[in-house]
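Data first, discussion second: the structure below is written as structure tokens.
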Amino acid sequence: MIFKKKTSHGFTFLVSFIIVALAVMFQAADVHALDINNMYSPLNKKRPFRSKTQYIILHTTEGALEGSLRKVHRFGETHYFVTPSGKVYRIIDRKKIATHAGRSMWKGQTTLDNISIGIEVVGFHDQDITQAQYTALRQLLRQLKKIYRIKDKNILTHSMVAYGRPNIFHPRKHRGRKKCGMFFSHPDVRKRLGLLPGPKRDPDVAAGRLVVADPDLNRFLYKPPKVLAALNGPKDSSVSQSMVIDQGNNAWRIAREKYDAPSTIYTYPNGQKLRGNEIRKWDSIPVGTRVSLAEEDCEQEFEKFLEVGKDGNTVQDLAGNLYADPTTIYFFPDGLIRTGAEMKKSSSLRKLLKNPPKGTRLLVGYIYGGYVQKGRSAIRIAGRKWNYPSTFYRMPDGRILNGDDVEKKSIPSGTLIFIMK
Ligand SMILES: [Zn+2]
């Protein structure tokens, strides 16, 4: 009995010692602990929970702190936001969906927002970040990797996963829609972030699902230059240079998918100004034309409705060879809604499919969910995707809302639902 008590005392002492030692260690670590501040987006409450988390995707804001923070906060476009002074803001709860990657694909899986965490770092795709950002990002990544058991090879850049639909410059689905976060793919940068080198090749290009539209970007991502510093000219000159059209720099390379947007302004050498949607001949823009882009570039926009005739786009431009597919849904100006497959089968509608009127809108890659009715709720139809930002509701009054905008209880009978595949 006495012997036993003695052991127990010794044991208690040992345990106390360990606790004190651990406390001292943690305190020491705490000095450099990551300080995350909540700045939740107004959309955070409505965003659904992710069912799995396979990737972390790194972004650069391509703009200054204030404007970038305002934008991602307003649209719920990231989980974390890292400022130049190393401050980290939480914008969307890490368990929920943030709309940060837009049209994206990796290893054949699309819409990576549903399976990834996004981190926005204030900076530019081809510029170094601050020491404070390295420190904060490194710690943030370490935490997230541990929580979700994410391997280093699954920590990617937005430029690696973004892809574009066919357009005038690139007739096939292509990689190169974004240069965002490009810099984070370099082995030296990854090393400073505590990461092993990234993927050696683009799995979707290798499998033929996508083609390379920007060979320079592709080379940087997968065959990086040995010396990183050689790439980084002073920021101002590289930015102004890259916004001017010349032999090696066409409208797509400068503006990417915004090349034909009304908000993209082309100033010709003779002073004439044209908007992207006013230009017809893309191969005859004179060398020396300056391109200016609107600042607000919402990632979600790419997944919204596409319009026939807008920016000179035909159905083929918008849907490619999926124009007669069940997953391409047509919204005609007169209110008729049909899938491409339905129209192909019907002799009376086939003509309409061949030549849809200007103003016809399209959803590509969507499932027609049908009508909400008694006993057939939105959740019954769309499952866990009912409140995804990518799910669309056509209300009986004709308005179109997305999952961010609807409340469970106020979806009336007669509402049509469209769910992204
Ligand atoms: Zn991005």
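Values quoted throughout were computed directly from the atomic coordinates according to the rules given, and no laboratory measurement underlies them. No experiment lies behind these values; they were computed from the predicted model shown. FYI the Cβ positions are ideal-geometry reconstructions off the backbone, even for glycines, and counts take in every protein chain you see.
For the peptides 46-55, 105-114, the ranking by packing is 105-114, 46-55, with the highest mean count of neighbouring Cβ atoms within 10 Å listed first. In terms of its C-alpha gyration tensor, region 240-295 has a rounded overall shape, because the principal axis ratio a/c (a ≥ b ≥ c, square roots of the eigenvalues) stays below 1.5.
I need the helices of the chain that pass two filters: whole DSSP H segments spanning 24 Å or more by Cα along the axis, and mean Kyte-Doolittle score no lower than 0.5. Walk me through the numbers on the way to the answer.
Details: long enough: 2-30 (41 Å, 1.09); 131-148 (26 Å, -0.60).
Helices meeting the criterion: 2-30.
About its Cα centre, the chain has a charge dipole of approximately 1900 debye under the convention of +1 per Lys or Arg Cβ and -1 per Asp or Glu Cβ, with nothing else charged. Net charge of the neighbourhood of Asp188, taken over other residues with C-beta under 13 Å away and scored Lys/Arg +1, Asp/Glu -1, is +3. GNM remark for the chain: springs join alpha carbons under 10 Å apart, and the peak mean-square fluctuation among Ile56, Ile147, Ile117 falls on Ile147.
Inter-part distance, region 344-421 to region 63-79, computed on C-alpha centroids, equals 29 Å.
Quick one: of the DSSP bridges fully inside the chain, what percent are antiparallel, nearest 5?
On the way: 38 of 55 bridges.
Taking every DSSP beta bridge within the chain, about 70 percent pair in antiparallel fashion.
Summary value for the chain: 11 percent relative contact order, contacts being C-alpha pairs under 8 angstrom separated by 6+ residues.
Under the classification rounded if a/c is under 1.5, otherwise prolate if a/b is larger than b/c and oblate if not, where does the chain fall, given a ≥ b ≥ c as square roots of the Cα gyration tensor eigenvalues? Provide the component values of the computation, followed by the final result.
Values: a/c = 2.36, a/b = 1.39, b/c = 1.70.
Oblate, since a/c reaches 1.5 and b/c is not below a/b.
Note on the chain: with a GNM built from Cα contacts shorter than 10 Å, the maximum mean-square fluctuation among Tyr80, Tyr366, Tyr268 falls on Tyr268.
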